[in-house]
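S.K.: Sharing a structure with you now.
Here, each number is a calculation from the coordinates, and none is a lab measurement. Since this is a predicted model, take the numbers as computed values, not measurements. Neighbour counts are summed over all protein chains in view; Cβ atoms, including those assigned to glycine, are modelled from backbone coordinates with ideal geometry.
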Amino acid sequence: MKDSPARLVPTPKLPKRLPSVLSAEEMNVFLDQLAGIAGPAVIGGRLVRSRRPPALETLSRRPLKFSDESLLPRRDRALLELLYAAGIRVSELTGLNLSDIDQKERILRVRGKGSKERIVPYGSKAQEALENYWPVRGQLLIRASERGRRRGTFHPEAVFLNYTGRRLTQRSVGRIVKKYVRLVNINWDLHPHSLRHAFATHLLADGADLRAIQELLGHQSLSTTQKYTHASIRQLMDIYDKAHPHA
């Protein structure tokens, strides 16, 4: 036969997989444990917090001895808090520049799919984590320059930096999430997008309008946002099954 009759047979539709979403209590416990791991920055024996990230030109050039253990947990807590507080994609997080953050109003300007910009608010916990991270970020830039790197090889405009002073990658953020799941000793299949799922589901469960959530997430179609209603209903059913005596 020259043509296969099977080409006329439609393929069966696979059932849509609902995202697994942590409860608000589970998410709060996880982030609060991170706050214990990554306390305020201590530099030169004194507590340091900063409302604004210091400019590269103003950073002290004196030799500082910092290990990754003392620097990076404060960065990691800030990025995890921001992922959950703003519900942004990991690509939007790693693409953030200092000019994209308005700390007074606590809003972000993010560039989503198709380079579309939108404004997203974030909360006080994320702001506190950022203030603890700014001094650390300055030290990451110092260390990059002290290692003899030319200024053009690192990224002073990026919000989240790796230990070489370059913009953090999406793959690195995925590793960071897995790392802290192991550190707090919980058996979750958590990845960066899980915090975005949790953001949307928790807003919906607390009465937020679906169209408002669509705007915050940067979804072009409302049908994309509606999958969170199914996740929310499933969560309610789980609670019902556990709590109702005749479930």
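S.K.: Scan the range 89-105 residue by residue and report those that are buried (at least 17 other Cβ atoms within 10 Å of the Cβ) and touching a helix residue (DSSP H, G or I) at 6+ places or on another chain (Cβ under 7 Å).
M.R.: Arg89, Val90, Leu93, Thr94
S.K.: Can you name the residue in the range 136-146 that is crowded, with 21+ Cβ neighbours inside 10 Å and in contact with a Lys or Arg (Cβ under 9 Å, 6 or more places away or on another chain) and, of all such residues, is farthest from Pro192 (Cα to Cα)?
M.R.: It comes out as Ala144.
S.K.: Of (1) over 16 Å from Pro73 (Cα atoms); (2) in a helix (DSSP H, G or I), Gly138 satisfies all except one. Which?
M.R.: (1)
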